[in-house]
Structures are given as C-alpha cells and as structure tokens.
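**Student:** Pasting a structure below so you can have a look.
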Amino acid sequence: MAEGGHLLVVDDNKVNRLLLIRNLELQGHRAVGAENGRVALERLERETFDLMLLDIAMPEMDGFQVLERMLANSRLRDLPVIVTSAVEGMDSVVRCIELGADDYLRKPVNPVLLRARVHSSLEKKRLRDTQKELLQRFATSEVAQDLEQSGFALGGRHVQATVMFSDIRGFTALSTTQLPDETIELLNTYYTLMFDAISGQGGVVNQMIGDGLMAVFGAPLPLADAPAAAVRAALDMIEMVQLFNAERALEGKPPIAIGIGIATGEMVAGYTGTQRRATYTCVGDVVNLAARLEAHTKVAQRPVLVDAATRAALGANMQAKSLGRTAIVGFPEAIEVFAVVNPIWA
Amino acid sequence: MTPDAIDLAVFRELQDTAGAEFVVELVDTFFEEAPLMLAELRDARASSDAERFRRAAHSLKSNSMTFGATTLGRLARSLELKGLDASPAADEAAIVALDVAWRDAAEMLRELTRG
C-alpha cells in the first residue's frame, strides 16, 4: 500500500482490538488501541489520527457517547469513523451513522472488507483535507469553518464591518518596464505579504483584481474592534512594503508604493455566485466609500485614508488627522477624510 | 476432545490473514480473557445486572466467532439476545453449558496452536 494512515482502534475487547490492529498493520497502516471511549477521547486530544475504528458497546464511555463528543468538537468533527460492532440489530448502526459515523463493519471483521472500507475512508479524508487546504488558501480558517458549517449556503445579511481596499501605485507603468515573469513574481510576493498582514489582524481577503485587493474585517464572523484591526493591518502592510522595497533596492529594482482606503458601517454581506463557485462579498455605500478612499490616496498623497466611522473607533494609540471634507464620486455630500498618522513616516 | 468445537475453516483463515505466530498470541489472550468473561457473566447473573450480563455474553460471542468456536458463540449469542432470564436457574444452567463449550473450545485451540 502506497500510503498508510494513522488509525485509532477503540474496543474494550482485547482480542478484537489486537486482531484489528494486526490486520491494519499488515495492510500498511500504523494503528494504536484504546480500551474504551474515555481513553479514546484522551488519545484524540493528544494525537492526530486519520481514521478511527469504533466499537459501540463499551464500559465507561460507549461508542455513541464518543460520537456525540466528537460532533461537539470542531477539531474532531471531521475525523472519519468506521463503527465496528457485533451488536445485534440495525438500530444501533443507524444511530451511529446519524451521529456522523461514515461506515459500518460487522465483527468479526473480514480483512478484505476492512481493507476496502479503510481505504475508501482514508481517500475521502484526503479529499476533504485537500478541499479544506484550498479553501484556507483563499480565506482565513474562520471563514473556511463558517463556509463548511453553513454548507456553503448562499444568501445575504446585514453586517456591521470594516472594509479595506488596497492597490499598488503606478503598477501598470511598472509592469510595462519589466519582464512578465518579474511582474507575476512581484504580484505573488506582494499578495503573500498583504495576506499575512490582513489575516494576522483577523481580516479576510475576499477579492484580488490585478494589483488590487479587497478585505473585510468583522464579517462573516464578528471581530472585536474591527476598525482598529483594519488600521493595524494597514500599518503592517505599509511596513511590509517598506521591508520589501529594501530587498528590491538591493536587486536594483524600483520601490513600490501602496494606497489603502478603509471605511466602516453597515453593509450587505453574503456568499455570491453559484454552488460551484462562490465568493464572500460585501456591498453597499460603505464598500464604495472604501474603494473611493483608496483611489483618493493618490490625490491626498497619503498612504492610508479612513472615513469618520473608522476614525471614531480608533483607540488613543492610533491617530488619524482630518484632511477636511472632500467631494467623493458617487456621494451627494462632501465627506470628511482622515489620514492615518504613523510616527514612523512623520 | 470435541472435534467440532472449532470450525477449522474459520481458524485456518484467521491464521492465513493474521499470521500463525500472531494467532498463537491471540489465542493466549483469549485464554486470559474468556474465563474473566464467564466470571463476569456469573457475577452479573448473581447481582441481576442485565446490562453487564448482556455485555459479557456479547464479548464472549464476538471472540468465539473470531476463532471459529461455533458452539460457544451460538450459546453466548442466545444469552445476549435473551438477556437476563426471569428465572436465575435457567441462566445458571445456560452458563454451565457455556462453560462446557468453553472448555471444549479451549482444548481444541490449544491443540491447534501447540501443534
């Protein structure tokens, strides 16, 4: 067998446990045993397994209780479980499947069936892990979890959140003077840095277009002090760009500069798209304002601009200076714009 | 020795899939565990603990089937399905029959593993 898994065999009966472990080892897996549900849960807390074979009738804590505890634990919920039992009647098997067990093997366990079921469960787990990894590449683990728990339910709701737009100043001009490979490499490095800064502060990057990106703080899951988190992320992003520029300077490459616009308020948020391809997005005046503020950084010659609602939510250790009221495209009245002041740039 | 105490087809298959040496160890484990299960069964009967009674019969059945101890397995299964009897005497008689079947199975397993 090409790839063995790490399996936990839970059975109070020593003969059954040893025989199952033996069969699994012969089939190329690593397997360890637990003599009841309580011991199994202790091992699950300490170690990572790919699959569990679970007996139903056991003293101290039975198989049903183990499945119930696992359902309530986000780390253990996705661990595949094959129920092994010689319990008479289908009722208990049905109950196990309802509690999240993937499959059922009758005891004494037939080694050929064991091989097939274990292989299929491990394959399913690998697929699930890959999907999860893909999802997390584009979202934070919180959003990935929210998506998984909601079963990718599309639909919207009103949320209070902070939105950020950011892009590279003069990127189009830059891209005409360098090799295509260099442009893509620059974008990849840039995105990696920006993602780190944003997710490090609890934000979610939900759109990337060319050299620009959109991020949300406080949605789909609530975030304490979302406006302050967004501004902290902006400051981190600026700092990362400065470090990146120092590296570029060593290679004789021109520096890049970014502009960031941030706005806070109520917006409509939800997963838009189809069941096959969906993205988390936010729409509303607040979102438009953040995009306009980002564009306005060119005019204002300031890297980070925020709206009044964001500024009002900032603590004493972060300062934003009013630039006065400015006409913003799409908004009937002039809007007060604030520039985030960082002592490092002063 | 009761020659049909162990279903040889089941036992040989166990040796083929798990390895003969491993089966010797597994039989030793069964020799340690089965008397405990029988004692548990008697104990559960004496204290009229239906849950323990059923579980002990279940464990004994499960292991009997693994080694091909057909008669032992059948008797244990009937106790598991029936549960505690209204008359303790009926269960006690059944446990005696189970004990006899266990001795027969154990003897043959010893023969089969000690060569």
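**Student:** Pairs needed: first member in the range A:36-61, free of Cβ contacts under 8 Å to residues at least 24 places away in the same chain; second member anywhere, surrounded by fewer than 19 Cβ atoms within 10 Å (Cβ to Cβ); C-beta distance under 7 Å; at least 6 residues apart or different chains.
**Tutor:** Matching pairs, first to second residue: A:Arg38/A:Glu60; A:Arg38/A:Met61.
**Student:** A further question on this structure: Can you pull out every residue in the range B:71-112 that is among the hydroxyl-bearing types (Ser, Thr, Tyr), within 23 Å of A:Pro108 (Cα to Cα) and without any contact (Cβ under 8 Å) to a residue 24 or more places away in the chain? Break it down into steps so the answer makes sense when it comes.
**Tutor:** Let us first name the residues in the range B:71-112 that are among the hydroxyl-bearing types (Ser, Thr, Tyr), namely B:71, B:78, B:87.
Keeping just the survivors that are within 23 Å of A:Pro108 (Cα to Cα) gives B:71, B:78.
B:Ser78 - this is the single residue of the range B:71-112 that is among the hydroxyl-bearing types (Ser, Thr, Tyr), within 23 Å of A:Pro108 (Cα to Cα) and without any contact (Cβ under 8 Å) to a residue 24 or more places away in the chain.
**Student:** Quickly run through the range B:47-64 and pick out the residues that are surrounded by fewer than 21 Cβ atoms within 10 Å (Cβ to Cβ) and out of contact with any Asp or Glu (no Cβ under 9 Å at 6 or more places or on another chain).
**Tutor:** Once the filter is applied, which keeps residues that are surrounded by fewer than 21 Cβ atoms within 10 Å (Cβ to Cβ) and out of contact with any Asp or Glu (no Cβ under 9 Å at 6 or more places or on another chain), the range B:47-64 yields B:Ser47, B:Ser48, B:Ala50, B:Glu51.
**Student:** Among (1) under 23 Å from A:Lys124 (Cα atoms); (2) in contact with a Pro (Cβ under 8 Å, 6 or more places away or on another chain); (3) within 14 Å of chain B (Cβ to nearest Cβ), there is one condition A:Ala31 misses while meeting the rest; what is its number?
**Tutor:** (2)
The rows are residues; the columns are (1) surrounded by fewer than 20 Cβ atoms within 10 Å (Cβ to Cβ); (2) at pLDDT below 95; (3) within 14 Å of chain B (Cβ to nearest Cβ).
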residue	(1), (2), (3)
A:Asn16	no, yes, yes
A:Ile56	no, yes, yes
A:Glu60	yes, yes, yes
A:Gly100	yes, yes, no
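**Student:** Going by what's in this entry, would B:Ser62 be described as of a type outside the set (A, V, I, L, M), under 9 Å from the mean Cα position of the chain (by Cα) and modelled with pLDDT under 95? Walk me through how you get there before you give the answer.
**Tutor:** Numbers: of a type outside the set (A, V, I, L, M): yes; under 9 Å from the mean Cα position of the chain (by Cα): yes; modelled with pLDDT under 95: yes.
It is true that B:Ser62 is of a type outside the set (A, V, I, L, M), under 9 Å from the mean Cα position of the chain (by Cα) and modelled with pLDDT under 95.
**Student:** Among all residue pairs at least 6 apart or on different chains, which show Cβ distances below 6 Å where the first residue, located in the range B:20-40, is more than 15 Å from A:Arg17 (Cα to Cα) and the second is in a helix (DSSP H, G or I)?
**Tutor:** B:Val24/B:Thr113; B:Met37/B:Ala56; B:Met37/B:Ser59; B:Met37/B:Leu60; B:Glu40/B:Ala56
**Student:** Considering only residues that are part of a helix (DSSP H, G or I) and basic (Lys, Arg), look in the range A:36-77 and name the one that is farthest from A:Arg95 (Cα to Cα).
**Tutor:** Restricting attention to the range A:36-77, the residues satisfying the condition of being part of a helix (DSSP H, G or I) are A:37-46, A:63-71.
Narrowing further to those that are basic (Lys, Arg): A:38, A:43, A:46, A:69.
Details: A:Arg38: 20, A:Arg43: 24, A:Arg46: 27, A:Arg69: 14 Å.
Among those that are part of a helix (DSSP H, G or I) and basic (Lys, Arg), it is A:Arg46.
**Student:** Can you find a residue that is surrounded by 23 or more Cβ atoms within 10 Å (Cβ to Cβ), outside any strand (DSSP E or B) and not small (Gly, Ala, Ser) anywhere in the range A:255-266?
**Tutor:** No, there is no match, as no residue in the range A:255-266 is surrounded by 23 or more Cβ atoms within 10 Å (Cβ to Cβ), outside any strand (DSSP E or B) and not small (Gly, Ala, Ser).
**Student:** Kindly indicate whether B:Ala56 is modelled with pLDDT of 95 or more and either in a helix (DSSP H, G or I) or among the hydroxyl-bearing types (Ser, Thr, Tyr) (or both). Steps first, answer last, please.
**Tutor:** Working: modelled with pLDDT of 95 or more: no; either in a helix (DSSP H, G or I) or among the hydroxyl-bearing types (Ser, Thr, Tyr) (or both): yes.
When the stated conditions are applied, B:Ala56 does not pass them.
**Student:** Additional query: Going through the range B:4-19 one residue at a time, which ones are away from chain A (no Cβ under 11 Å), surrounded by 14 or more Cβ atoms within 10 Å (Cβ to Cβ) and in contact (Cβ under 8 Å) with a residue 24 or more places away in the chain? Steps first, answer last, please.
**Tutor:** From the range B:4-19, those away from chain A (no Cβ under 11 Å) are B:4-9, B:11-12, B:15; that's our starting set.
Now drop any that are not surrounded by 14 or more Cβ atoms within 10 Å (Cβ to Cβ), which leaves B:5-7, B:11-12, B:15.
Selection gives B:Ala5, B:Ile6, B:Asp7, B:Phe11.
The values are calculated or read from the model by the stated rules, or taken from the named source; none is laboratory data. All values reported here derive from a predicted model rather than from experimental measurement. When we count neighbours, we look across all protein chains shown, and the Cβ atoms used for this are built from the backbone with ideal geometry, even at glycine.
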